[in-house]
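The values are calculated or read from the model by the stated rules, or taken from the named source; none is laboratory data. Note that the structure is predicted; figures quoted are calculated from it, not measured. Ideal geometry is used to build each Cβ from the backbone, glycine not excepted, and the neighbour counts take in all protein chains shown.
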Amino acid sequence: MDGVVNVLGVWGAGVSLADDKGQLRFVSATDDVVERLQALEDDVDRGPCREAYDSGFPVVVGDLQALADRWPRLVNQATAAGVNAVMGVPMSVDGEAIGALNVYEKRSGDFSDEQVAAAQVLADVATGYIVNVRDLGRATELAAQLQHALDSRVLIEQAKGFLSATLGLDVDMAFELLRTYSRSNRINIHDVAAGVIDGTLQVHEGALRGADERDLTP
């Protein structure tokens, strides 16, 4: 979940998934504080995570204090921990809700449109990895799968940003460059992104023209 925090530029994040009865259950969080907030929201069955799950739309709250009457226990515990803004992002597939991603920020203020859109992308990526997992008794395995999915996406996003900045490309073209290089050289795109970030792999615009040679630094 740390990757989610880094990409979105927020303080914390957590995920809850629904059991067979539609009850949300915490499965992953950035730290103990977020874990307690996630667990509390699941217990009282009220809050942005629950509302995002029910509605299928992001629930963005820039000032938790303003909703103290609506979610009294959650607001009290969150603000006591220094959390003043939160966003719930739905996780669903083919119209079926399976859970929600919660994002926490200590500063009051609305999340940007870019943050909301990026959070939904990360939630969708995580959903793709866990949609077939329904047994919450496998929480440890599920959390590990979720972490892998998010870490992989975060690494690709970082590599896109690096290539965009260094080669003067827009982010869509930077992603196409990563994907083309991956396919041409039969290297997993996650490994290509990792090589770009750690400096062991140099990816050039020539890859878009069919270049198929890896350029590794000594």
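Descriptive notes on the structure:
- Matching option when the condition is surrounded by 24 or more Cβ atoms within 10 Å (Cβ to Cβ) and either touching a residue at least 40 places away in the same chain (Cβ under 8 Å) or closer than 22 Å to VAL5 by Cα (or both), among VAL60, VAL86: VAL86
- Matching residues in the stretch 43-57 - criterion: being in contact with a strand residue (DSSP E or B) (Cβ under 6 Å, 6 or more places away or on another chain) and surrounded by fewer than 22 Cβ atoms within 10 Å (Cβ to Cβ): GLU51, GLY56
- Subset of the stretch 186-212 [modelled with pLDDT under 85, more than 15 Å from LEU167 (Cβ to Cβ) and part of a helix (DSSP H, G or I)]: HIS190
- Pick from the stretch 25-41, criterion acidic (Asp, Glu) and surrounded by fewer than 19 Cβ atoms within 10 Å (Cβ to Cβ), ranking: farthest from the chain's Cα centre (by Cα): ASP32
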